[in-house]
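Undergrad: After the structure tokens below, expect a handful of questions from me.
The values are calculated or read from the model by the stated rules, or taken from the named source; none is laboratory data. All values derive from a computational prediction rather than experimental measurement. Cβ coordinates were reconstructed from backbone atoms using ideal geometry, including for glycine residues, and neighbour counts include every protein chain displayed. The accessibility values were calculated without ligands, DNA or RNA, using every heavy atom of the protein model including side chains. Shrake-Rupley method; radii C 1.70, N 1.55, O 1.52, S 1.80 Å.
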Amino acid sequence: MDLGAVSWRFVKVWRRNLWTYRRIWKVSFLTPLLEPLFFVAAFGLGLSGFVGEIAYGGRKFDYPTFIAPGLVATAVMNNAFFETTYASFVRMYYQKTFDGMLATPLSLEEIMIGEIVWSASKSVVAAALMSAVLAVLGFVDPWSVATVLPIAFVGGLAFGALGLWLTGITPHIEMFNLPVFLLITPMFLFSGTFFPVSSLPGWAAAAAQVFPLYHLVELCRRVQIHAWESSTAGSGAYLGVFSAVFVVLAVGAMKRRLIR
Amino acid sequence: MVGLVSAVVAVENLVKRFRDLTAVDGVSFTVGRGEFFGLLGPNGAGKSTTIRALYGFSPPTSGTVRVFGMDIRTRWRAVKARIGVCHQENTLDPDLSVQENLWIFAGYFGIPLAEAKVRASELLEFFALNHKKDAKVADLSGGMARRLILARALINRPELLILDEPTTGLDPQSRHLLWERLESLKAEGLTVLLTTHYMEEAARLCDRLVIIDHGKILVEGAPGDLVARYAGAEVLEVGGPDAALRRYVTENRLEYDDLGDRLILYVPEGSSILEIVRTRFCVRQCTWRRSTLEDVFLRLTGRELRE
């Protein structure tokens, strides 16, 4: 990655995506508004009678409260990851949007950073809407509608960069099924979203901490239900380093793919 | 030939190698200010790679590419701010309307939205697209999409316009409209670099051109001069040539191509050969016409298929 090629101009790429998003925002807003209602209905009304209380971070929570921050973290992951995989792939491969941009003063680095920051912005919007619904329902601290936003942004950068790196190395759009099945689904299930990682066997609990989603869930729980089991600074640093590494990898992969 | 200092484009000894293929093998040319310059060649000759190197899309293996006197490798941002690129593929943004395509693209150049709107409506007017300004890109015909791509390439008021096969796949009406617009841009002093497969297009638009094959420049010159030098003034195509004609052309050292069932004779201006051949050897079918750039192209690059 050439740092001399990075400037504020990435905002122009972000703006292009915002412009097209304005057409479909009503549909895009539905998912984060309705999804928590579905989950809370299913797990709160259906499952929580079987589960009882969850012990986590030295306190006890009813089941819907425990999973509420996990739902927000998952939405952050999904919004960023699916934006920079399927949506970016369409822009890169089918619409040749990046080829058009590369004939302007924009650098490849700026285009890719614009895509990743855009995906993180979508994560922020989803986290805000979802947290607002969960706060109204009384599952999360109402202040966390604001405090979760920087966490959603960093989490969005991490999963957006991971997704864009995969886009850079994926030969065909249907191949994304593979990382979704091997990476996103296990992360969704084993990152402490639905049960505390500490209830797993020792080796599995340690393995879960490699997942970026684990750290994102930890941070969301910290601000939304004020409980945690890992170091907050450690989780923040993990997501920061993860983002930086995958931004560099994504730019490198795209350079090999687009500049021939 | 243009001096290196005043040249808008100066390519020196450009070499581009991909893993096992040398796409461009030591190409040098210059384009002067206000010139309409053509880059011709069969598929895979190295045209597109050369053109991609001009806007930093394809870093050279060796050699230098200077645009406005600046090295594209180090000053790419300053260069790209002053050029307009019309890609071979449709790179229009299907998520945006016709005029939004121009507004958003202007943003990539740092042009404020208010100014972009003024320029966009001027360009839509110029390219006869005003009635389509709110249409989706997907609803445009091939000719309209091409005109929009060209309009978009002009949004930053470039000093150099790069056109990569701008009329491929267009109907004759669209092609002629595009040529007229390009000619009026040229009259305003715009420097243009064009690649094309249509020799008629190159002959009509280009002041000067090069023909490239296998990554090397074969010839360079004004279209008319190249025709006179490589294809004479007139062409006589004789169908079903007999042995007598073949003997006659070799004995008289005439310029010809023998295609087996057809013999193509290249005749200089005011030659008496034409009359002799017509009366003595035109047994079956004879076509007599002016020489064109297409004759030059086929003579130099051969007639066999490339793909």
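Undergrad: Which is in contact with a Pro (Cβ under 9 Å, 6 or more places away or on another chain), away from every other protein chain (no Cβ under 14 Å) and closer than 20 Å to A:GLY163 by Cβ, of A:ALA135, A:ALA120, A:ALA127?
TA: Working: A:ALA135 fails: closer than 20 Å to A:GLY163 by Cβ; A:ALA120 fails: in contact with a Pro (Cβ under 9 Å, 6 or more places away or on another chain).
Result: A:ALA127 is the single residue among A:ALA135, A:ALA120, A:ALA127 that is in contact with a Pro (Cβ under 9 Å, 6 or more places away or on another chain), away from every other protein chain (no Cβ under 14 Å) and closer than 20 Å to A:GLY163 by Cβ.
Undergrad: Under 7 Å by Cβ, and 6 or more places apart or on different chains, what pairs join a residue from region A:63-83 that is over 20 Å from A:SER198 (Cβ atoms) with one that is surrounded by 24 or more Cβ atoms within 10 Å (Cβ to Cβ) and charged (D, E, K, R)?
TA: From region A:63-83, the pairs are A:ASN79/A:LYS122; A:ALA80/A:LYS122; A:GLU83/A:LYS122.
Undergrad: Okay, next question. For A:ALA55, which of the numbered conditions (1) open to solvent by 40 Å² or more (accessible area, probe 1.4 Å); (2) away from chain B (no Cβ under 14 Å); (3) part of a helix (DSSP H, G or I) fails to hold?
TA: Only one criterion in (1) open to solvent by 40 Å² or more (accessible area, probe 1.4 Å); (2) away from chain B (no Cβ under 14 Å); (3) part of a helix (DSSP H, G or I) is unmet by A:ALA55, namely (3).
Undergrad: If I ask for residues that are within 30 Å of A:GLY192 (Cα to Cα) and open to solvent by 10 Å² or more (accessible area, probe 1.4 Å), which ones from region A:84-100 would you list?
TA: A:TYR86, A:ALA87
Undergrad: Follow-up. Looking only at strands (runs of 3 or more DSSP E) that lie completely in region B:249-300, which have at least 2 residues being surrounded by 19 or more Cβ atoms within 10 Å (Cβ to Cβ) and within 27 Å of the chain's Cα centre (by Cα)?
TA: Working: elements: B:255-258, B:262-267, B:285-290.
Output list reads B:262-267.
Undergrad: I need the helices (runs of 4 or more DSSP H) fully contained in region A:171-260, keeping only those with at least 3 residues that are at pLDDT 95 or above, within 18 Å of the chain's Cα centre (by Cα) and closer than 23 Å to A:SER48 by Cβ.
TA: Values: elements: A:185-190, A:202-208, A:212-224, A:232-258.
Where helices (runs of 4 or more DSSP H) fall fully within region A:171-260 and carry at least 3 residues being at pLDDT 95 or above, within 18 Å of the chain's Cα centre (by Cα) and closer than 23 Å to A:SER48 by Cβ, they are A:212-224.
Undergrad: Could you please tell me which pairs satisfy a Cβ distance under 6 Å, a separation of 6+ or placement on different chains, a first residue in region B:52-79 that is within 13 Å of chain A (Cβ to nearest Cβ), and a second residue that is of a type in the set (Lys, Arg) and assigned to a strand (DSSP E or B)?
TA: B:PRO60/B:LYS16; B:THR61/B:LYS16; B:THR61/B:ARG17
Undergrad: While we're here: Would you check if A:LEU108 is open to solvent by less than 40 Å² (accessible area, probe 1.4 Å), in contact with a Leu (Cβ under 7 Å, 6 or more places away or on another chain) and within 14 Å of chain B (Cβ to nearest Cβ)?
TA: Yes, satisfied.
Undergrad: Which numbered condition trips up B:TRP103, out of (1) within 11 Å of chain A (Cβ to nearest Cβ); (2) in contact with a Pro (Cβ under 9 Å, 6 or more places away or on another chain)?
TA: (2)
Undergrad: Which condition number in (1) hydrophobic (A, V, I, L, M, F, W, C); (2) within 14 Å of chain B (Cβ to nearest Cβ); (3) free of Cβ contacts under 8 Å to residues at least 60 places away in the same chain; (4) surrounded by fewer than 18 Cβ atoms within 10 Å (Cβ to Cβ) is the one that A:ALA103 fails?
TA: (4)
Undergrad: Only one residue in A:LEU164, A:LEU149 is within 13 Å of the chain's Cα centre (by Cα) and open to solvent by 40 Å² or more (accessible area, probe 1.4 Å), so which one is that?
TA: Exactly one of A:LEU164, A:LEU149 is within 13 Å of the chain's Cα centre (by Cα) and open to solvent by 40 Å² or more (accessible area, probe 1.4 Å), namely A:LEU149.
Undergrad: Given (1) more than 12 Å from chain A (Cβ to nearest Cβ); (2) under 26 Å from B:VAL31 (Cα atoms); (3) of a type in the set (Gly, Ala, Ser), identify the lone condition not met by B:GLY142.
TA: Answer for B:GLY142: the failing condition is (2).
Undergrad: When only residues in region A:217-251 that are crowded, with 22+ Cβ neighbours inside 10 Å and of a type in the set (Gly, Ala, Ser) count, which is nearest to A:VAL140 (Cα to Cα)?
TA: A:SER235
Undergrad: Count, please, the residues in region A:18-35 that happen to be without any contact (Cβ under 8 Å) to a residue 40 or more places away in the chain and either touching a Phe, Trp or Tyr at 6+ places or on another chain (Cβ under 6 Å) or β-branched (Val, Ile, Thr) (or both).
TA: Residues flagged as without any contact (Cβ under 8 Å) to a residue 40 or more places away in the chain and either touching a Phe, Trp or Tyr at 6+ places or on another chain (Cβ under 6 Å) or β-branched (Val, Ile, Thr) (or both) within region A:18-35 amount to 3.
Undergrad: From the list B:PHE18, B:PHE37, exactly one residue is out of contact with any Gly (no Cβ under 9 Å at 6 or more places or on another chain), crowded, with 21+ Cβ neighbours inside 10 Å and not β-branched (Val, Ile, Thr). Which is it?
TA: So the residue among B:PHE18, B:PHE37 that is out of contact with any Gly (no Cβ under 9 Å at 6 or more places or on another chain), crowded, with 21+ Cβ neighbours inside 10 Å and not β-branched (Val, Ile, Thr) is B:PHE37.
Undergrad: Taking the criterion of being basic (Lys, Arg) and at positive phi, would at least one residue in region B:151-159 satisfy it?
TA: yes
Undergrad: Evaluate the following for A:SER48: is it open to solvent by 20 Å² or more (accessible area, probe 1.4 Å), of a type in the set (Gly, Ala, Ser) and assigned to a helix (DSSP H, G or I)?
TA: yes
Undergrad: Something else about it: Need the failing condition index for B:GLU89 against (1) among the charged types (D, E, K, R); (2) in contact with a Ser or Thr (Cβ under 8 Å, 6 or more places away or on another chain); (3) outside any helix (DSSP H, G or I), just the number.
TA: Unmet condition: (2).
Undergrad: Please work out if A:MET77 is part of a helix (DSSP H, G or I), within 13 Å of chain B (Cβ to nearest Cβ) and not aromatic (Phe, Trp, Tyr).
TA: no
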